[in-house]
Amino acid sequence: LLHDVVGVCEACPALIPAHGLLDVLMKVAGNPAASHGLLERVIDFLRHHLRASEQSLPAAVSACRVLATAAAHAHATADVLLAVVDAANAIARAPAATPAVSRSALEAVCAAV
């Protein structure tokens, strides 16, 4: 079921800011049943579809919160933690990244180390 939920999010990334799909991804990343493979899938989705230059400031900050949640998950492997750092870096380095986005990205990185 969790993989299907992420599949819905992957199918409609343009709806993320307006329809709360980041909240859904946050619940997936925090679900104790989420495997490390599912966490990597969520992180990969965020890395490719949520950059501060393409999305609103709240969406970028929320994406970083999802990353921090994934990093804190009991099933977070070294690969998951590395993916969190890579995704946070991509969001923070986007041309339109603000100090708030950079701070949120840093918090995600701190959760991963």
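The values are calculated or read from the model by the stated rules, or taken from the named source; none is laboratory data. Worth saying up front: this structure is predicted, and the values here are computed from it rather than measured. Cβ atoms come from the backbone with ideal geometry, glycine included; neighbour counts cover every protein chain shown. To get the accessible areas, we keep the full protein, side chains included, count just its heavy atoms, and leave off ligands, DNA and RNA. Shrake-Rupley method; radii C 1.70, N 1.55, O 1.52, S 1.80 Å.
I'd like the Kirkwood hydrodynamic radius of the chain, using the inverse of the mean 1/r over distinct C-alpha pairs, in Å. Mind showing how you got there, number by number?
On the way: mean 1/r = 0.0751 Å⁻¹.
13.3 Å is the Kirkwood radius here.
Could you order peptides 66-72, 104-110, 2-8 by the average number of other Cβ atoms within 10 Å of their residues, highest first?
On the way: 66-72: 24.7, 104-110: 20.3, 2-8: 13.6.
Highest to lowest by the protection proxy: 66-72, 104-110, 2-8.
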Average Cα contact separation per residue, the chain, under 8 Å, 6 or more apart, as relative contact order %: 28 percent
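For region 1-112, which whole percent of the accessible surface, found with a 1.4 angstrom probe, sits on carbon and sulfur atoms?
Working: 3250 of 5440 Å².
The C+S portion of the solvent-accessible surface of region 1-112 is 60 percent.
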Net lengthening on full extension, Arg93/Ala11 (0.36 nm per residue, minus Cα-Cα): 27.0 nm
Top of His48, His73, His36 by mean-square fluctuation, Gaussian network on the chain, Cα under 10 Å: His48
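Pull out a ≥ b ≥ c, the square roots of the eigenvalues of the alpha-carbon gyration tensor of region 63-113, then state rounded if a/c is under 1.5, prolate if not and a/b is larger than b/c, and oblate in the remaining case. Spell out each step's value before the answer.
Details: a/c = 2.78, a/b = 1.99, b/c = 1.40.
Verdict is prolate for region 63-113.
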Accessible area of Asp23 in the full protein assembly, 1.4 Å probe (Å², nearest 10): 100 Å²
Asp86/Asp23 FRET efficiency (R0 35 Å; Cβ-Cβ; nearest 0.05): 0.95
Segment Asp44-Arg103, length gained on full extension (0.36 nm per residue, minus Cα span): 19.2 nm
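Quick one: accessible area per residue over the chain, 1.4 Å probe, rounded to a whole number of Å²? Display every interim value, and only then the final one.
Working: 5580 Å² over 113 residues.
Spelled out: the 1.4 Å probe surface of the chain, per residue, equals 49 Å².
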